[in-house]
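The structure appears below as structure tokens.
The values are calculated or read from the model by the stated rules, or taken from the named source; none is laboratory data. Keep in mind that what you see is a predicted model, and the values were worked out from it rather than measured. FYI the Cβ positions are ideal-geometry reconstructions off the backbone, even for glycines, and counts take in every protein chain you see. Heads up: the accessible areas ignore ligands, DNA and RNA and are worked out on the full protein's heavy atoms, side chains in. Shrake-Rupley method; radii C 1.70, N 1.55, O 1.52, S 1.80 Å.
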There are 2 protein chains.
Amino acid sequence: VSPPTVSRATWYHQASLFLLLATLLPAPATAAEGMWTFDNFPSARVSEELGVEVSADWLARMQRSTARLEGGCTGSFASPEGLVLTNNHCVWGCVRNLSSSERNLSEEGFYASTQEEELRCPGEQVSVLLGTQDVTREVGAATAGKDDEAANEARKQTLGELERACERDTNLECEAVALYAGGQYFLYRYRRFEDVRLVFAPELPIAAFGGDPDNFEFPRYCLDMSFLRVYEDGKPVSTPDFLEWRFEGPAAGEPVFVTGHPGSTQRLLTVAQLERLRNSTLPQYLLRNHELRGRLLQWAETGPEPQRLVSQRILNLDNALKVMRHRLFSLLDDRNLERKRAEEAQLRAGVAADPDLARAYGSAWGDIEKALHAYGPFADQHAWIASGGAFQSTLYGWALSLVRAAEEREKPSADRLEEYRDSELGGLERQLLAPVPVANELEALTLEFSLDKMREWLGPDDPYVRKLLGNDSPKELATRVVQGTRLDDPEVRRRLWEGGRSAIVASEDAMIELARRVDADARALRARYEAEVEAPVAAAAERIARARFAVLGTSHYPDATFTLRVTYGTVRGWDEKGTTIEPFTEIARIFERATGDDPFRLPPSWQQARTRLDGSTRFNLVADTDIIGGNSGSPMVDREGRLVGLVFDGNIHSIAGAYFFDPELNRTVAVHPAVMVESLDKIYRTRRLLEELGIASKAEN
Amino acid sequence: VSPPTVSRATWYHQASLFLLLATLLPAPATAAEGMWTFDNFPSARVSEELGVEVSADWLARMQRSTARLEGGCTGSFASPEGLVLTNNHCVWGCVRNLSSSERNLSEEGFYASTQEEELRCPGEQVSVLLGTQDVTREVGAATAGKDDEAANEARKQTLGELERACERDTNLECEAVALYAGGQYFLYRYRRFEDVRLVFAPELPIAAFGGDPDNFEFPRYCLDMSFLRVYEDGKPVSTPDFLEWRFEGPAAGEPVFVTGHPGSTQRLLTVAQLERLRNSTLPQYLLRNHELRGRLLQWAETGPEPQRLVSQRILNLDNALKVMRHRLFSLLDDRNLERKRAEEAQLRAGVAADPDLARAYGSAWGDIEKALHAYGPFADQHAWIASGGAFQSTLYGWALSLVRAAEEREKPSADRLEEYRDSELGGLERQLLAPVPVANELEALTLEFSLDKMREWLGPDDPYVRKLLGNDSPKELATRVVQGTRLDDPEVRRRLWEGGRSAIVASEDAMIELARRVDADARALRARYEAEVEAPVAAAAERIARARFAVLGTSHYPDATFTLRVTYGTVRGWDEKGTTIEPFTEIARIFERATGDDPFRLPPSWQQARTRLDGSTRFNLVADTDIIGGNSGSPMVDREGRLVGLVFDGNIHSIAGAYFFDPELNRTVAVHPAVMVESLDKIYRTRRLLEELGIASKAEN
């Protein structure tokens, strides 16, 4: 670990250069704000604000105890035998893939009462970060003196080569990461586990109690937990660094920390980029996916099997829609954008005030605007054709990967599309060949939907639309290719994967044919995007990051990148328009809140256990830590590093956290350890699990 | 007709007072901009710009030849025997109500080859404007010296009394109209026809060829026409003022006029009001209704009968979604709002520069902001509960009308909710008792959907939501009330209507019970809205209108209010990003464009007629007249007043016309008379109709 350090003296020096400016600029980070990298954790500030000394040892132990679920979540080791605690909603894919029309694990819940009963999750991968390496200098050397497009290419090449060299040298998974929008580049080294098995998952109705209406709300009552176990060579992996649980949970006002892999924030975007999100990206996403929600809800009405196939998918969609809706509303609030404009103007004034900085960085903001402007005329075509917006289908995704892999694998690794480089092929193969069930009727529905939306947005006279649909309607094309493909059979995919180019060229599979037909156009649009948009934006963002370091020092944190971060804060509620929201909920209230019908329906196990449960057991809690999607499943720990909560959500104000952190309102929502233990013990009777967690059962029989 | 007149001299005088200002202020109206009232038509300007002299006689004849379809469209008389030309999409409701699972008139089309075969459209009403009266002074006298809330009440009372007195005196339908957002008040007197029959409608696939993808696009190929006939006492009404058709249509560049009833524009709104549309009203509308679209599309997949029941409804929804989407995008374009801000700032500067104006009007903009701010905390509850957002159901609408009418009719007319005043009861009764078929499955679907959305937006803990749903899910409640109602039977509605309060109180009809349960809360929210939002906004808008007259004179036009207007312009295409769009399309191209599948499917009649048709016949055309929804079915006429087009749409740029008119891009789209005659003759063989139109058939057999 080799962090770039700028001493506090330097910070103050630079601040004093722009004293007037500095007083107006955003404070380095207020209160609990900040998703900090482990190498730049603000220990001094935490000591001052919370009275907690965070040691390097403590951080190292938290790093080894925190896992990344490659599907987009976080977990923590809960025993020395590879047991991983994460959210229930992080294993929905696994639960669905292990279910059938005969056995609906989502509805029934799952518990492996012996190790033999633990079921492998198709395609699931879990990683642990072992170390990081700063490669900013290597990237800088490779891109120096090049124009934007060449630099973009060189940057990718260099990072790809560094990844490959790292993997060769360490036998680990190595991933390049751009921090501070390109202000720093790192290699992250992970130990990756491919054999991940389901140990325990409660029923969906209690895990997601309140469904979409309660999502991002608090007070809250969700048992959003599950256990996985990582295996190697058929045996549980030894994980000596795990988190002990503090069953009674934290006190109100107590300092807490959250480690995990927040997915993505956009706090360092320029105003032009935020405006593009507001004016185009977010509205398009929302309009499209609200309509998809309507389709899926209505399709679910056609029978119990459709219901089973889409219920979790709808919940995921609901979640994403709520997030995007509130993000849009936060950007539509002109006060927020005005604050961003003021911050940007001040940073630019800081740059303009120093001739060297002005020369090096002054044009960067305008460069981004220009690139976004250049994107305008082909943005929709790029989104629908090249980024796959028109092809919402698992089968099509496989087909395109097979078609492209066959072509790309004939080239030297460095010349390939990024996602087909040698370092990526293993993961891709596993994804492609995993025995995931496919629902053809649903595939046809979503593919028809996305083709229809493509035609709506691009217009029937767009050349790509005409080429793709010809005299077909979206429905005809979707039906034909779904009926004419065998890619739902993993064995068929394997043969095409192994058969390479000749197998792909010879294939008469309708989905493969469609992918072959789209591929050239999609590549051309992608290449244009990379040259005209991605490259200049990447170059300009790097320069803005350097400008920010120069003006503000490094005591700020990078945007989330689905890499390991730690955030600190305290357990506390908030003031909601004059109403005080308390930080804890208790079990008793869920029984008053239940209606007998989704999404406020309690599963039978809970209805039956009502009298056995201690009603005063704490259920969910909130803290003012700074998290975002990807932190799902994150451990919330106390100063000793003991688990005091399982993060599963934020409150409604946390959604705007993608762009702005509001310490007064933004809250993390977690499952309390007490309700996990109470229900494992008295409802699910998971003796084996409780013993592994070091808890004696209190249940009476 | 007694228009407020401000002489040109006065205009110049006022302009010179604010000379600098006047040069920056929006020109009184550029090029073809303006939906002019007949009493304020800019004849001098038209003479100057187009070289056409428009006489009072010409205007009077156009007024008597133009009809209003109370469902929200325009029509024109096409013969002396009450024959009305309008759009096909204006009679979809009628066509659906006259169809059954056995006979799908939408798909088959309809032609009454004898007068006896003409079918009455349930609930359809057609009106002709006979005269208008300025009552601004009477309203001003009634509201003078009152606070906003009392003035709001007095204004409604006065207008209601004026309407009633007018109807008593004239035996006509009288409607009060606020022009210039309250700058003027008028009474409009209509002759209304209640017996409206369907004469001719082509098949939906040709009327709406291109469906949603082509909607608001051009080049275009829609035979969006139909004929109705108005009857009185069982006989066709005599309409000596009708429009002759100029079958060859207009030349490119020729001056044309459009008369009709544009529904609503918001060009005079303040910036604060536009921001509310952008930030709240439009996004909420779009998110909600895109999801409904998904539901309806998927429900239509469940069988031919659902397909028949919702196909036109989906097209209507598509249309509304496209409109609202492009309106939102126009407001998200900061350049547009900046222009509005600049205009508003300049008008306010003009007011501030004169102490008298400043005292009278200076605070009006701030008052609107305050009222919108006051609306915030209960806006969602008002929209969902009081405005009926939660109750998307025809049956529920009837139930609420019955419940309220029973209570209101016991009060003196002046004390009632506006829509239950004596002047409204006749129309309400006809609406309620019209034999409109109801699809219960669809009713349950839309009601469940809207209840679900209500819970989503208000949250499950909102007191109205808890009171309404209790332990029910939206689906349970919707299913129960739809199953438990008999309101689908017009006879049941009639008994409840005639039975009055005692019948309503005694009713055990589930929908009536629901309406009874909601009514008090809905009334309370409505009263709060009227007091805290509507009243201050109405008062402030009146003052802004007066300020605008004071600073700008009256040579501007009021926002559209579904009252008679006339707009002028020329037949011309436009420049679309460097491509010249020609103003005419021809028949030949539609056959190349057809795909055999919706929405690009030609009906069998057209497929069979291909060789008989003259391919060079003009199909659709565009002109730069200024129209909006409500103008559907409007006649486009030449300087002689001969029909040269049937307005049915605008181009994509016309959508932003709700807020801003862009003379370079905004275009009206019309059906050419040539394609109407060609198809009536060679495809539909409507001899009787052609004779009535004064055309000899050219068809060979």
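Which of the listed residues, B:128, A:264, B:78, is farthest toward the dipole's positive end in the protein assembly as shown, when Lys, Arg count +1 and Asp, Glu count -1 at the beta-carbon? Result: A:264. For the stretch A:318-383, what class follows from the C-alpha gyration tensor (a ≥ b ≥ c being the square roots of its eigenvalues): rounded when a/c is under 1.5, otherwise prolate if a/b is larger than b/c, else oblate? Verdict is oblate for the stretch A:318-383. Once both labels are positioned 7 Å from their Cα atoms along Cα-to-Cβ, the gap between residue B:360 and residue A:251 label points is 6.9 nm. Summarising the label geometry, the points placed 7 Å from Cα in the beta-carbon direction at residue A:387 and residue B:345 lie 3.4 nm from one another. Would you give the gap between the C-alpha center of the stretch A:181-209 and the C-alpha center of the stretch B:171-201, rounded to a whole Å? Centre-to-centre distance over Cα atoms comes out at 64 Å. Hey, quick one: spin label on residue B:597, modelled 7 Å out along Cα-Cβ, who in the stretch A:296-319 has an amide N within reach, i.e. under 15 Å? Output list for this probe position: empty.
Using the rule -39500 (n - 2.57) for each DSSP H run of four or more residues, divided by the residues of chain A, the 222 nm mean residue ellipticity is -14500 deg cm²/dmol. With the simple model of a label 7 Å out from the Cα in the direction of the Cβ, residue A:338 to residue B:264 spans 2.9 nm. Taking every full run of DSSP H in chain B, the ones that stretch at least 15 Å from end to end by Cα along their long axis and average -1.0 or higher on the Kyte-Doolittle scale are B:282-300, B:304-332, B:364-381, B:394-408, B:422-433, B:440-458, B:490-506, B:510-529, B:535-552. Lysine pair count for chain A with Cα-Cα distance under 21 Å and sequence separation of 8 or more or different chains is 10. Using C-alpha pairs below 8 Å separated by at least 6 residues, the relative contact order for chain B is 25 percent.
Selection among A:306, A:326, A:357 by position relative to the dipole of the stretch A:303-382 gives A:306 as farthest towards the positive end (Cβ unit charges, Cα centre).
Evaluated with a Cβ-only charge set (Lys, Arg +1; Asp, Glu -1), the stretch A:96-161 carries a dipole of roughly 200 debye about its Cα centre, given to the nearest 20.
Contact order, relative form, for the stretch B:481-540: 34 percent (alpha carbon pairs under 8 Å, 6 or more residues apart, mean separation divided by residue count). Could you work out how far the C-alpha centroid of the stretch A:470-494 sits from that of the stretch A:623-696, in angstrom? First find each Cα centre; the distance between them is then 42 Å. The residues of the protein assembly as shown expose on average 38 square angstrom of accessible surface per residue, using a 1.4 Å probe on protein heavy atoms.
Electrostatic tally near residue B:146: other residues with Cβ closer than 10 Å to its Cβ, Lys and Arg +1, Asp and Glu -1, net -3. Where Lys and Arg each count +1 and Asp and Glu each count -1, what net charge lies around residue B:362 among other residues with Cβ under 11 Å from its Cβ? With Lys, Arg at +1 and Asp, Glu at -1, the neighbours total 0.
Among the GluC sites (Glu not before Pro) found in the stretch A:262-321, those both in a DSSP coil and sparsely packed, with 16 or fewer other Cβ atoms within 10 Å of their Cβ, are A:301.
When residue A:578 is represented by a point 7 angstrom out along its Cα-to-C-beta vector, the spacings to that point in the other copies are 5.8 nm, nearest first. Applying a 4.7 Å Cβ-Cβ cutoff to the protein assembly as shown, the cysteines left without a disulfide-compatible partner are A:222, B:222. For the protein assembly as shown, a crude dipole built from +1 on the beta carbon of Lys and Arg and -1 on the beta carbon of Asp and Glu, taken about the Cα centre, is about 760 debye to the nearest 20. Here the chain B residue lying nearest the rotation axis onto A, judged by its C-beta and given with the distance in whole angstrom, is B:294, 1. Between the listed residues A:140, A:88, A:150, the Cα displaced farthest toward the positive end of the dipole of the stretch A:78-213, a dipole computed from Cβ unit charges relative to the Cα centre, is found at A:140.
Summary for residue A:388: label point 7 Å along Cα→Cβ; distances to the equivalent points in the other copies, ascending, 4.5 nm. A probe of 1.4 angstrom, applied to the heavy atoms of all protein chains, finds residue A:74 with accessible area near 0 square angstrom. Among the chymotrypsin sites (Phe, Trp or Tyr not before Pro) within the stretch A:580-649, not one is in coil by DSSP while having at most 10 neighbouring Cβ atoms inside 10 Å. Pairing chain A with chain B buries about 3900 Å² of accessible area. This figure sums both sides and uses a 1.4 Å probe. Rounded to the nearest 0.05, the FRET efficiency derived from the C-beta distance between residue B:467 and residue B:506 at R0 = 25 Å is 0.60. When only alpha carbons are used to place a centre, the stretch B:210-286 and the stretch A:511-576 end up 46 Å from one another.
Here chain A is assigned +1 on the Cβ of each Lys and Arg and -1 on the Cβ of each Asp and Glu. Its dipole about the Cα centre then comes out at about 420 debye. Rolling a 1.4 Å probe over the protein chains gives residue A:57 an accessible area of about 120 Å².
Counting Cβ atoms of other protein chains within 10 Å of each residue's Cβ and taking the mean over peptide A:466-475 gives 2. Here residue B:343 yields copy-to-copy label distances, from shortest upward, of 3.4 nm, the label point defined as 7 Å from Cα along Cα to C-beta. Accessible surface of the protein assembly as shown, 1.4 Å probe: 50 percent of it comes from carbon and sulfur atoms. Across the stretch B:26-109, C-alpha contacts under 8 Å between residues 6 or more apart give a mean separation that, scaled by the residue count, equals a relative contact order of 12 percent. At the residue level, residue B:391 shows approximately 10 square angstrom of accessible surface with a 1.4 angstrom probe and all protein chains present. Taking 0.36 nm per residue of separation and subtracting the current Cα-Cα distance, fully stretching the chain between residue B:687 and residue B:53 would add 224.6 nm.
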